[in-house]
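This report refers to the structure that appears directly beneath it.
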């Protein structure tokens, strides 16, 4: 269950605003379609949300890219700059190449156990136009950050343990995140779905001394928690 009343208020307010704008446009009271030229500002908002919930350099970079892209598109619609997307599409290939090259370098800092599972107390997993399956068996798991953009991240925590509480920041955009947790963990989902969904399929345990608090956003994507 999503226990985030602030998130529900935000989504409800967005729907009310768009509904009101569409109504006054249909009634010929005011031409609200001029505002839709500023739709790229949604990317600025998404980038700001990502940065506000990130604690890693990777999260800041991803959020910054969204902000830069949204700002360039907005300035183009305002006539300040001339920006054509088909001129800059090779940048995506360059970024993908850097991710592939640096991926192994990041993994060299990962702590592995004798069973072949990760032993990191704090995780940081990113999937951009790809899939990432990870098993973490840390006995002092404290959370971390998961990002899935046009990709999927599947994290298996069934062999991990929490001493008291752990906080996981998630961000799924046009992608999905699946978390598999032990049966003795209590999941508290506080994420905000924006044209997406948070689905907690776990069965609450009798003892609630181990809590996994999940925060973040699902933008046209999904986050699923199962045990």
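Quick notes on this one:
- Three-way shape label, the stretch 111-227, alpha-carbon gyration tensor, a/c 1.5: oblate
- With both labels modelled 7 Å from their Cα along Cα-to-Cβ, the residue 139 to residue 207 distance reads 1.6 nm.
- Packing-based exposure ordering (other Cβ within 10 Å, fewest first) of 224, 120: 224, 120
- Order by protection proxy (mean Cβ within 10 Å, highest first), peptides 202-213, 154-165, 137-148, 50-61: 137-148, 154-165, 50-61, 202-213
- When 187, 178, 223 are sorted by how many other C-beta atoms sit within 10 angstrom of their C-beta, beginning with the fewest, the order is 178, 187, 223.
- Estimated FRET transfer efficiency (residue 164, residue 75; beta-carbon r; R0 45 Å; 0.05): 0.40
Every read-out reported here was derived from the displayed coordinates using simple, explicitly stated rules and does not represent laboratory data. In this text, all values refer to a predicted model and were calculated from it rather than measured experimentally. For neighbour counting, all protein chains shown are included, and Cβ atoms are generated from backbone atoms with ideal geometry for every residue, glycine included.
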